[in-house]
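A.B. asks: Here you go, one structure.
The values are calculated or read from the model by the stated rules, or taken from the named source; none is laboratory data. Note that the structure is a prediction, hence the values are computed from the model and not measured. Every residue, glycine as well, gets a Cβ built from its backbone with ideal geometry; the counts of neighbours run over all protein chains shown. Quick note on the areas: whole protein, heavy atoms, side chains included, nothing else; ligands and nucleic acids left out. Shrake-Rupley method; radii C 1.70, N 1.55, O 1.52, S 1.80 Å.
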Amino acid sequence: MNTGSYHYQAGTIHFNRDINYGTNFNVPSTAEIHVFPNPVADESKISITLKEKSEVDCYISDALGRSIFKSETLHYGPGQYFLPLDLSKLENPGFYLLSIKIDNYLINKKIIVIN
């Protein structure tokens with residue numbers, strides 16, 4: 001196998017009919033990210049599990065790439081954290097991209113917003 005960066009797209013359909021898609025680039029083995037519920041009508045949560053001290057930044061953009069939200073840089077130690085995500089003020093239902101930067105790693109999750 002050649003060395004370098006590899007990118008992949010993964011999708012999971014759960015028995016409760018939720019569809020989760022994610023694109024992960026250089027995913028650290030020291031972090032796990034989950035967004036629930038997804039699809040979402042108003043409020044959701046981001047679950048972040050870290051195995052080591054990390055800096056975390058969260059960004060949300062719409063399907064056209066326009067920035068909707070950017071968090072302050074958060075400093076976390078090892079553990080599990082739940083971040084509230086209020087999407088009730090979004091004008092349009094549809095696909096949004098949640099980008100979470102953990103140190104030098106970027107994890108992207110698609111969020112489906114419904115009425």
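A.B. asks: For a 18 Å ceiling on Cα separation, which of these pairs sit above it: K51/K109; K89/K109; K70/K101; K53/K110?
C.D. replies: K51/K109; K89/K109; K53/K110
A.B. asks: Which value in nm describes the separation of the simple spin-label points at S47 and Y59, placed 7 Å from the Cα toward the beta carbon?
C.D. replies: Spacing of the two 7 Å Cα→Cβ label points: 2.6 nm.
A.B. asks: Further question: Per residue, how much accessible area does the range 53-115 have with a 1.4 Å probe, in Å²? Intermediate values should be presented prior to the final figure.
C.D. replies: On the way: 4030 Å² over 63 residues.
The answer is 64 Å² per residue.
A.B. asks: Further question: Quickly work out the F36-to-E91 label distance, labels modelled 7 Å from Cα along the C-beta direction, and quote it in nm with one decimal.
C.D. replies: The two pseudo-label positions are separated by 3.3 nm.
A.B. asks: How big is the gap, in Å, between the Cα center of the range 32-52 and the Cα center of the range 70-102?
C.D. replies: For the range 32-52 versus the range 70-102, the Cα centre distance is 8 Å.
A.B. asks: Using 1/(1 + (r/R0)^6) with R0 = 22 angstrom and r between the beta carbons of L83 and L106, what's the FRET efficiency to the nearest 0.05?
C.D. replies: Approximately 0.85, to the nearest 0.05.
A.B. asks: On the accessible surface of the range 60-115, probed at 1.4 Å, how many percent belong to carbon and sulfur atoms?
C.D. replies: Carbon and sulfur together cover 55 percent of it.
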